[in-house]
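Chemist: The structure that follows is given in the form of structure tokens.
The values are calculated or read from the model by the stated rules, or taken from the named source; none is laboratory data. Here the structure is a predicted model, which means the values were calculated and not measured. Note that each Cβ is placed from the backbone with ideal geometry, even for glycine, and that neighbours are counted across all protein chains shown. The protein model used for the area step is the full one, side chains on, heavy atoms only, and it has no ligands, DNA or RNA in it. Shrake-Rupley method; radii C 1.70, N 1.55, O 1.52, S 1.80 Å.
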Amino acid sequence: MFRISQYIQEIVAPTPVAPTPVGPRRNAPGPVVIWNLIRRCNLTCKHCYSISADSHFPGELTTEQVATVMDDLKAFRVPVLILSGGEPLLRPDIFDIARRAKAMGFYVALSSNGTLIDADNIGRIAACDFDYVGVSLDGLGATHDQFRRLDGAFAAALRGIRLCREHGLKIGVRFTMTQDNAHDLPGLLRLVEDEGIDRFYFSHLNYAGRGNKNRKDDARHQLTRQAMDLLFETCWDYKQRGLNKEFTSGNNDADGVYFLHWVRRRFPDKAAHIEAKLRQWGGNASGVNVANIDNLGNVHPDTMWWHHTLGNVKERPFSHIWPDTSDALMAGLKAHPRALKGRCGRCVHLPICNGNTRVRAQQLTGDAWAEDPGCYLSDEEIAS
């Protein structure tokens, strides 16, 4: 994940204060864990990576098994749990799980489609004191409903967003852009301001699950560049107006390099500092600082690698699975620098993006270390 707002702030108020040098890349003590607690969902979204449906999936972890895994994750120094699905609010014990996670000291986020957040359960959601609630929107009105394949999905999700905001929860919107919904991005950014939404997460389409089947709809590179320019300029405008909004992007670590080129054009005197901070960030963290546990307990390098399983927490603790580099993919993801081919291998900005999202290369070529077809940087930009 690329924290756009954080680097915009570095333009305004660089840290650390000179002459203290910017340090080397840092890895967290334990990975952020995105935990798909349930696969069932009331929607069948076009780009769903878990290919969820409104039906029961046997073999999912019990409440007791979740608690055991949670104890192991805490001992392994995992700092963040993102409770996801399917739709996690369909899991009967979701509030028990969330309260236990909060009591253990995890940063706990809820990732929902928003349609099931209503007057009947908002009190219980608020009582869990989630650190963050993220709701996915694929556009405005009819666009969102078409992607979610349910009339009224946008209105229901917006209702859920407003209820969370009214109950004092930090609320954010996640948007996955394709050629079919890119036209709604400016309107969504206005919605973020008008509705008092705290965070906007721009997700590039990744080739996994239903997203892999719909990759022909992936936005063309020029459209992606236009979207990133809009995000950078909007975030800068918010900063200038004193609006406290978080902007982040995900599933394309070339965003960091593209931001560096934007800074070189707009704020050339800050470019060296921003480049050093981007190197400290270090780009793609799949298999290192980001992990995924699916509804059956299978562990994956991130949520887009459901077709590659590292082990199962019912059979082996996560704390044993995650450091194990006997798996060739994990060994390659944890290598620094990664052994990459093609344009990625030639790119001078490898220390910034770390080879981007390997799953796109694997899905299109069968080789996880081939160049990332989702990189939208020009040959000149990867050489300068």
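Chemist: In whole percent, how big is the carbon plus sulfur part of the accessible area of region 50-125, probe 1.4 Å, protein atoms only?
Modeler: Carbon with sulfur: 56 percent of the solvent-accessible area.
Chemist: Roughly how many debye, to the nearest 20, is the charge dipole of the chain about its Cα centre, given +1 on each Lys and Arg Cβ, -1 on each Asp and Glu Cβ, and no other charges?
Modeler: 620
Chemist: How much of Thr178 can a 1.4 Å solvent probe reach, expressed as accessible area in Å² and rounded to 10?
Modeler: Taking all protein chains as shown, Thr178 has close to 10 Å².
Chemist: Sort Glu60, Glu233, Glu87 by accessible area with a 1.4 Å probe, largest first.
Modeler: Listed by decreasing accessible area, they come as Glu233, Glu60, Glu87.
Chemist: Can you tell me the length gained on complete extension of the stretch Arg346 to Glu380, counting 0.36 nm per residue apart and subtracting the Cα distance?
Modeler: 11.1 nm
Chemist: What number of lysine-lysine pairs in the chain show an alpha-carbon separation below 16 angstrom, given a sequence spacing of 8 or more or placement on distinct chains?
Modeler: Step by step, the pairs that qualify in the chain add up to 5.
Chemist: Taking a temperature of 25 °C and a viscosity of 0.890 mPa s, what whole-number D in µm²/s does Stokes-Einstein yield for region 249-384 with Rh from Kirkwood over alpha carbon pairs?
Modeler: 156
Chemist: Could you bin all the Cα-Cα distances of the chain into 10 Å bins starting at 0 and give me the percent of pairs in each, rounded to whole numbers?
Modeler: So the P(r) values, bin by bin, are 5, 23, 34, 28, 9, 1.
Chemist: Now for a separate question. Counting only protein heavy atoms and a 1.4 Å probe, tell me what percentage of region 298-384's accessible area is made up of carbon and sulfur.
Modeler: Roughly 53 percent of what the probe reaches on region 298-384 is carbon or sulfur.
Chemist: Per residue, how big is the convex hull around the C-alpha atoms of region 250-324? Give it to me in cubic angstrom, could you?
Modeler: So the per-residue Cα hull volume is 85 Å³.
Chemist: Another question, if that's okay. Is any residue of region 323-353 close enough, with backbone N under 18 Å, to a label point placed 7 angstrom from the Cα of Ala28 along the Cα-Cβ axis, and if so, which?
Modeler: Label zone hits: 323-324, 334.
Chemist: Shifting gears a bit: Between Ala339 and Gln222, what is 0.36 nm times their sequence separation minus the Cα-Cα distance? Round to one decimal in nm.
Modeler: 39.3 nm
Chemist: Might you tell me the accessible area per residue for the chain, computed with a 1.4 Å probe and given in Å²?
Modeler: Result: 40 Å² per residue.
Chemist: Another question about this same structure. Using only the heavy atoms of the protein chains and a 1.4 Å probe, how would Thr15, Thr68 rank by accessible area, largest first?
Modeler: Largest accessible area first, the list is Thr68, Thr15.
Chemist: With both bridge residues required to lie in the chain, what share of the DSSP beta bridges run antiparallel, to the nearest 5%?
Modeler: 20
Chemist: As an exercise, use a Förster radius of 51 Å and the Cβ-Cβ distance of Asp118 and Arg266 to find the FRET efficiency, rounded to the nearest 0.05.
Modeler: So, using R0 = 51 Å, E works out to roughly 0.70.
Chemist: With every protein chain present, what accessible area does Leu73 have (1.4 Å probe, heavy atoms only), rounded to the nearest 10 Å²?
Modeler: Counting only protein heavy atoms, Leu73 exposes about 0 Å² to solvent.
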